[in-house]
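Undergrad: Before we start, here is the structure in question, set down as structure tokens.
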Amino acid sequence: MAVLVLNIGSSSVKYRLGADGGTIDGHDGLDDLLGGIRPAPEAIGHRVVHGGDRFHEPVLVDDDVIAAIEELEPLAPLHNPINLDGIRRCQEIFPGVPQVAVFDTAFHATLPPEARTYGVPREWGVRRYGFHGISCASVTRRLPDVANLIVLHLGNGASATAISRGRSVDTSMGLTPLEGLVMGSRSGDVDPGLAGYLARVKGMDVQTFTDALSRESGLRALAGTGDLREVRQSLALEVYCRAIRKYVGAYYAVLGTVDAIVFTGGVGEHDARVRAMALSGLERLGITLDAGLNERHASRISAPGSEVRVLVMPADEEEEIARQTRQVLRVSS
């Protein structure tokens, strides 16, 4: 089955059709890409970032699914609208071709109550959902023999996930993709009192505050750019890597034992400097890098004798989306 995969992120579009694929910077080239695909694909699989409490599995797209994704836009304002736009464009260009939505939150449906629950009034109806689940599912499927692992998906968005026997048991992103690690333009963890403080002192409204945390924070605020390849400031790098190191330690405690740590995503795969800084000082936890292997971007970068394997794995979200799309269509046929 020829499946077109669209992985539309906050800053780029990744696509794959059979053996052909690539990346478009920004979103302006999407129409040209879709218009140039002939013949039409047999199916289309989409990454959709937020599935809320409704979607714990991939689903065949229909009007109800589109309406639900639209309703969830406030939880992922940088992502769900552009994911939905991709679905609608495909409906126009490839009418009648079945489309499947694969949700980034679905992998984290296994979070135990103590991991997904916030210490806030229940009537607020909020919880931790987690993201980068498609990436975590891909890594987990390729490491079936690993009982406990920590997946560090580092890109423009970044997250850490603790996985035990194939199930997500904790993850750094929360209700929205803002929580957790420092990212390209997103703040990661901040004091919840910051919103009230800025409202009192700066007169800042909620929308301005949220937009600033999503678009003007993280590395962009610390170093003037969200592209780690351009970051040379030691403080920005230290803040970024310290957050990763802190979550590795926390998830070591959650899991009890760790068999492997996996770096994936654009930064995780290609930035040896970040990998080294993020895991420095963790030798007493059995985590030791081999500097030469790390610099060469080997698939295994832990030193001989390291109790914990440290791996570098290409993010293969497109293959995972294609696999889940085929699975949905087999079941529905």
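The values are calculated or read from the model by the stated rules, or taken from the named source; none is laboratory data. Model, not experiment: these values are computed from the prediction. So basically every Cβ, Gly included, is an ideal-geometry build from the backbone, and we count neighbours across all protein chains shown. Heavy atoms of the whole protein, side chains included, go into the accessibility calculation; ligands, DNA and RNA do not. Shrake-Rupley method; radii C 1.70, N 1.55, O 1.52, S 1.80 Å.
Undergrad: With point charges of +1 on the Cβ of Lys and Arg and -1 on the Cβ of Asp and Glu, referenced to the Cα centre of the chain, which listed residue (Gly133, Ala76, Thr208) lies farthest in the positive direction of the dipole?
TA: Most positive-ward Cα: Gly133.
Undergrad: Are there trypsin sites (Lys or Arg not before Pro) in segment 272-313 that DSSP marks as loop and that have at most 13 other Cβ atoms within 10 Å, and which are they? Could you put the intermediate results ahead of the total?
TA: Details: sites: Arg273, Arg275, Arg284, Arg296, Arg300, Arg309; in loops: Arg296.
Those that pass, being in a loop and sparsely packed, are Arg296.
Undergrad: What ratio of Cα Rg to 2.2 N^0.38 Å holds for segment 95-148? Before the final figure, lay out each step's value.
TA: On the way: Rg = 15.4 Å, N = 54, 2.2 N^0.38 = 10.0 Å.
Expressed relative to 2.2 N^0.38 Å, the Cα Rg reads 1.53.
Undergrad: For segment 1-117, calculate the relative contact order in percent as a whole number, restricting contacts to Cα pairs under 8 Å that are 6 or more residues apart.
TA: Working: 183 pairs, mean separation 36.2, N = 117.
Rounded, it is 31 percent for segment 1-117.
Undergrad: While we're on this one: How far apart, in nanometres, would the label points at Ala250 and Arg122 be if each is projected 7 angstrom from Cα along the Cα-to-Cβ direction?
TA: 2.5 nm
Undergrad: Now for a separate question. Protein chains only, probe 1.4 Å: how do Ser10, Ser135 rank by accessible area, largest first? Walk me through the numbers before you get to the answer.
TA: Values: Ser10 45, Ser135 0 Å².
Reading off the accessible areas and sorting them downward yields Ser10, Ser135.
Undergrad: Please work out whether segment 184-333 counts as rounded, prolate or oblate from its C-alpha gyration tensor, where a ≥ b ≥ c are the square roots of the eigenvalues and a/c under 1.5 means rounded, while otherwise a/b larger than b/c means prolate and anything else oblate?
TA: On the way: a/c = 1.90, a/b = 1.26, b/c = 1.51.
It is oblate, given that a/c is not under 1.5 and a/b is not larger than b/c.
Undergrad: Something else now. If you rank His56, His27, His108 by how much accessible surface each has, with a 1.4 Å probe, what is the order from largest down? Could you put the intermediate results ahead of the total?
TA: On the way: His56 85, His27 60, His108 0 Å².
Accessible-area ranking of His56, His27, His108, largest first: His56, His27, His108.
Undergrad: How much length would be gained if the chain were fully extended between Arg141 and Ser299, taking 0.36 nm per residue of separation minus their Cα-Cα distance, in nm to one decimal? Intermediate results must be reported in sequence, preceding the final value.
TA: Details: separation 158, 0.36 × 158 = 56.88 nm, distance 1.63 nm.
Separation in residues times 0.36 nm, less the Cα-Cα distance, equals 55.2 nm.
Undergrad: Continuing with this model, one more query. Along the three principal axes, how long is segment 263-322 when you take its alpha carbons, biggest first, rounded to the nearest angstrom?
TA: In descending order, the Cα extents are 40, 20, 16 Å.
Undergrad: Oh, and also: Taking the Cα centre as origin and putting +1 on Lys and Arg beta-carbons and -1 on Asp and Glu beta-carbons, what dipole magnitude results for segment 223-333, to the nearest 20 debye? If you can, show how the numbers build up before the last one.
TA: On the way: 14 positive and 15 negative charges, 40 e Å.
In debye, rounded to 20, segment 223-333 gives about 200.
Undergrad: Label-point separation (nm) for Ala2 and Asp191, each offset 7 Å from Cα along Cα-to-Cβ?
TA: In this crude label model, Ala2 to Asp191 measures out at 5.8 nm.
Undergrad: Rounded to a whole number of µm²/s, how large is the Stokes-Einstein D of segment 61-156 at 4 °C and 1.567 mPa s, given Rh as the Kirkwood radius over C-alpha pairs? Write down the numbers at each step before the final one.
TA: Values: Rh = 15.9 Å.
For these conditions, the coefficient is 82 µm²/s.
Undergrad: Percent relative contact order of the chain, based on C-alpha pairs within less than 8 angstrom and at least six residues apart? It would help to have the intermediate numbers written out before the result.
TA: Details: 630 pairs, mean separation 54.1, N = 333.
The normalised contact order for the chain reaches 16 percent.
Undergrad: How much of the accessible area of the chain, in percent, comes from carbon and sulfur atoms when a 1.4 Å probe is used? Write out the running numbers ahead of the final one.
TA: Details: 7730 of 15290 Å².
Answer for the chain is 51 percent, counting heavy atoms of protein chains only.
Undergrad: Gaussian network model of the chain, Cα springs within a sub-10 Å range: biggest mean-square fluctuation belongs to which of Gly35, Gly184, Gly224?
TA: Gly35
Undergrad: Counting only helical runs of four or more DSSP H residues, what would the 222 nm mean residue ellipticity of the chain come to if each run contributes -39,500 (n - 2.57) and the total is spread over all its residues? Kindly include the intermediate steps, with their values, before the conclusion.
TA: On the way: 13 runs with 125 residues, N = 333.
Result for the chain, helices only: -11000 deg cm²/dmol.
Undergrad: Continuing with the same structure: Points 7 angstrom from Cα along the Cβ direction at Asp32 and Asp63: gap in nanometres?
TA: Result for the modelled spin labels: 3.5 nm.
Undergrad: Over the chain, with the other protein chains present, what is the accessible area per residue in square angstrom, probe 1.4 angstrom? If you can, show how the numbers build up before the last one.
TA: Numbers: 15290 Å² over 333 residues.
Counting only protein heavy atoms, the per-residue value for the chain is 46 Å².
Undergrad: Assigning unit charges at the beta carbon (Lys, Arg +1; Asp, Glu -1) and nothing else, what dipole magnitude in debye, to the nearest 20, does segment 157-224 show about its Cα centre? Mind dumping the intermediate values first?
TA: Numbers: 7 positive and 7 negative charges, 27 e Å.
Roughly 140 debye, rounded to the nearest 20.
Undergrad: Taking the alpha-carbon set of the chain, what are its Rg and Dmax in Å?
TA: 19.8, 59
Undergrad: Rounded to the nearest 10 Å², what accessible area does Asp191 have for a 1.4 Å probe in the complete protein model?
TA: So the heavy atoms of Asp191 present about 110 Å² to solvent.
Undergrad: Roughly how compact is segment 172-241, stated as its Cα Rg over 2.2 N^0.38 Å to two decimals? Could you put the intermediate results ahead of the total?
TA: Working: Rg = 12.5 Å, N = 70, 2.2 N^0.38 = 11.1 Å.
Compactness ratio reported: 1.13.
Undergrad: Continuing with this model, one more query. Sort 11-20, 92-101 by packing, meaning the average of other beta carbons within 10 Å per residue, with the highest value first. Intermediate values should be presented prior to the final figure.
TA: Values: 11-20: 15.0, 92-101: 16.9.
Ranking, from highest mean packing down: 92-101, 11-20.
Undergrad: Leaving out ligands, DNA and RNA but keeping every protein chain, what accessible area does Glu283 have, in Å² rounded to the nearest 10, with a 1.4 Å probe?
TA: 100 Å²
Undergrad: Now, a different point. Share of Cα-Cα pairs in segment 136-271 beyond 19 Å, in percent? Please list the in-between numbers first.
TA: Working: 4857 of 9180 pairs.
Of the Cα pairs, 53 percent sit more than 19 Å apart.
Undergrad: Would you list Arg116, Arg220, Arg229, Arg47 from the most to the least accessible area, probe 1.4 Å?
TA: Numbers: Arg116 75, Arg220 100, Arg229 180, Arg47 25 Å².
Result, largest first: Arg229, Arg220, Arg116, Arg47.
Undergrad: Please work out the C-alpha center-to-center distance from segment 115-141 to segment 40-94 and express it in whole Å.
TA: With segment 115-141 and segment 40-94 each reduced to a Cα centre, they are spaced 19 Å.
Undergrad: In debye to the nearest 20, how big a dipole does the chain give about its Cα centre with +1 on each Lys and Arg Cβ and -1 on each Asp and Glu Cβ? Kindly include the intermediate steps, with their values, before the conclusion.
TA: Details: 34 positive and 42 negative charges, 189 e Å.
The dipole magnitude comes to about 900 debye.
Undergrad: Tell me, rounded to the nearest percent, the portion of alpha carbon pairs in segment 18-109 spaced more than 19 Å apart.
TA: The share of Cα pairs beyond 19 Å in segment 18-109 comes to 41 percent.
Undergrad: Extension gain Arg284-Ile93, at 0.36 nm per residue separation less the Cα-Cα distance, in nm? Before the final figure, lay out each step's value.
TA: Numbers: separation 191, 0.36 × 191 = 68.76 nm, distance 5.59 nm.
63.2 nm is the gain from fully extending Arg284 to Ile93.
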